[in-house]
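K.L.:
The following block contains the structure, expressed as structure tokens.
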Amino acid sequence: MASVVPLKEKKLMDVKLGELPSWILMRDFTPKGIAGAFQRDYYRYYNKYVNVKKGGVAGISMVLAAYVLFNYCPCYKELKHERLRKYH
Amino acid sequence: MNENLFTSFTSPTMMGLPIVTLIILFPSMLFPSPGRLINNRLTSIQQWLIQLTSKQMMLIHNHKGQTWTLMLMSLIMFIGSTNLLGLLPHSFTPTTQLSMNLGMAIPLWAGTVAMGLRTKTKASLAHFLPQGTPFPLIPMLVIIESISLLIQPMALAVRLTANITAGHLLIHLIGGATLALINISAITALITFIILTLLTVLEFAVALIQAYVFTLLVSLYLHDNT
């Protein structure tokens, strides 16, 4: 399965299933690489939903909803006991 | 029930890792920096609000005091956004921790006092004695004024902590009471729910007002000392 385009430059959607392990291992896992990934994701979200001419409330409310869900995780242990069950 | 009330104010950890730093840094993500002349809607609204607030707050100062504009504006933005984000369900509010509020209040207050003592020593020391006091009262009044000066940072920090913590606690308690009352009597639960709604509206106001008060008092101390 020799690819015409070298494996390094393909995006995730173009990688074939058999090539997936080598693609994952090839990614940049240094702190600078991870920081670069976060920065790219931030700008992708920002330019799609906020930095537009007629941005609405959806751009920031999705961030706030994700923040609420993110804060649910540390509280789960205490909130487990408050479910409406007969036996806890 | 007892343990349940205080667990929402503990430092949040996820799988053993403290994520409180991430939560303190999160509000900065909601304020994108304006890069252009005409920005997107979010940035324009924030720009307008900051200009309104800074004009209202910094007009009373002279040139030397106006160098503190950046500090005071970032202070009010931080406290306001942190308090408002704390009203979302399950979220952790860093300003409920006395340690953080002391860390904000003491350096700022000490900065204004140090600036006053360095640049205008006589005038800042003269604040210890109000005008027109009778002669025998002077020693006692100097002691009282110096105590009131030393208590200013403590009052700043404790005021913010107590107000936000009390608001969160009230919401927890009344929400729990509403849930418990639903099975007993629906009308009482409805009344309690209305109280809860009014309280939440109050909490929104308190979040903003506390930020404003903190910043205003720091600016007042600054005005005294420049």
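K.L.:
Going by the conditions given, is residue B:222 at pLDDT below 85 and either over 30 Å from residue B:63 (Cβ atoms) or among the charged types (D, E, K, R) (or both)? Reasoning before the result, please.
P.N.:
Numbers: at pLDDT below 85: yes; either over 30 Å from residue B:63 (Cβ atoms) or among the charged types (D, E, K, R) (or both): no.
Here the answer is no, as residue B:222 does not meet what is asked.
K.L.:
Let me ask something else. Looking at region B:63-120, which of its residues are outside any helix (DSSP H, G or I), within 14 Å of chain A (Cβ to nearest Cβ) and either over 15 Å from the mean Cα position of the chain (by Cα) or not polar (S, T, N, Q) (or both)?
P.N.:
Applying the first criterion (outside any helix (DSSP H, G or I)) to region B:63-120 yields B:63-64, B:86-93, B:97, B:120.
Applying the additional criterion that residues be within 14 Å of chain A (Cβ to nearest Cβ) yields B:86-93.
B:86, B:87, B:88, B:89, B:90, B:91, B:92, listed by residue number.
Residues checked against (1) surrounded by 16 or more Cβ atoms within 10 Å (Cβ to Cβ); (2) among the charged types (D, E, K, R):
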{"position": "B:118", "(1), (2)": "no, yes"}
{"position": "B:129", "(1), (2)": "no, no"}
{"position": "B:133", "(1), (2)": "no, no"}
{"position": "B:218", "(1), (2)": "yes, no"}
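K.L.:
Same structure again: Of the residues that sit in region A:48-86 and are under 15 Å from residue B:40 (Cβ atoms) and assigned to a helix (DSSP H, G or I), which one is most open to solvent (accessible area, probe 1.4 Å)?
P.N.:
To start, the set of residues in region A:48-86 that are under 15 Å from residue B:40 (Cβ atoms) comprises A:48-60, A:63.
With assigned to a helix (DSSP H, G or I) added as a condition, the list becomes A:48-50, A:58-60, A:63.
Values: A:48: 131, A:49: 80, A:50: 22, A:58: 52, A:59: 3, A:60: 54, A:63: 31 Å².
Checking each candidate, the answer is A:48.
K.L.:
Here are the criteria: (1) surrounded by 15 or more Cβ atoms within 10 Å (Cβ to Cβ); (2) within 14 Å of another protein chain (Cβ to nearest Cβ); (3) at pLDDT 90 or above. Tell me which single one residue B:45 does not satisfy.
P.N.:
So the condition that residue B:45 fails would be (1).
K.L.:
Turning to a different aspect of this structure: What are the residues in region A:34-88 that are within 9 Å of chain B (Cβ to nearest Cβ) and of a type in the set (Asp, Glu), if any?
P.N.:
A:78, A:82, listed by residue number.
K.L.:
Those residues that are of a type outside the set (Asp, Glu), open to solvent by 80 Å² or more (accessible area, probe 1.4 Å) and farther than 30 Å from residue A:58 by Cβ, I need them from region A:25-47; list them, please.
P.N.:
A:25, A:27, A:29, A:31, A:32
K.L.:
Just one of A:69, A:20, A:64 is farther than 17 Å from residue B:27 by Cα and hydrophobic (A, V, I, L, M, F, W, C); which is it?
P.N.:
Details: A:69 fails: farther than 17 Å from residue B:27 by Cα; A:64 fails: farther than 17 Å from residue B:27 by Cα.
Criteria check complete, one pass: A:20.
K.L.:
Right, something else. Can you find a residue in region B:93-105 that is farther than 22 Å from residue B:54 by Cβ, open to solvent by 80 Å² or more (accessible area, probe 1.4 Å) and in contact with a helix residue (DSSP H, G or I) (Cβ under 7 Å, 6 or more places away or on another chain)? Walk me through how you get there before you give the answer.
P.N.:
Narrowing region B:93-105 to residues farther than 22 Å from residue B:54 by Cβ: B:93-94, B:96-103.
Restricting the remaining residues to those that are open to solvent by 80 Å² or more (accessible area, probe 1.4 Å) gives B:99.
Going one step further and asking which of them are in contact with a helix residue (DSSP H, G or I) (Cβ under 7 Å, 6 or more places away or on another chain), we end up with none.
No, region B:93-105 contains no residue that is farther than 22 Å from residue B:54 by Cβ, open to solvent by 80 Å² or more (accessible area, probe 1.4 Å) and in contact with a helix residue (DSSP H, G or I) (Cβ under 7 Å, 6 or more places away or on another chain).
K.L.:
Here is a further query. Would you point out which residue out of B:149, B:170, B:160 is at pLDDT 85 or above, out of contact with any Gly (no Cβ under 7 Å at 6 or more places or on another chain), over 23 Å from residue B:85 (Cα atoms) and surrounded by 13 or more Cβ atoms within 10 Å (Cβ to Cβ)?
P.N.:
Details: B:170 fails: over 23 Å from residue B:85 (Cα atoms); B:160 fails: over 23 Å from residue B:85 (Cα atoms).
The unique qualifying residue is B:149.
The values are calculated or read from the model by the stated rules, or taken from the named source; none is laboratory data. Treat the numbers as computed from the prediction; the structure is a model and nothing was measured. Using ideal geometry, Cβ is built from the backbone for each residue, glycine included, and neighbour counts are taken over all protein chains shown. What goes into the accessible areas is simple: the full protein's heavy atoms, side chains included, and nothing from ligands, DNA or RNA. Shrake-Rupley method; radii C 1.70, N 1.55, O 1.52, S 1.80 Å.
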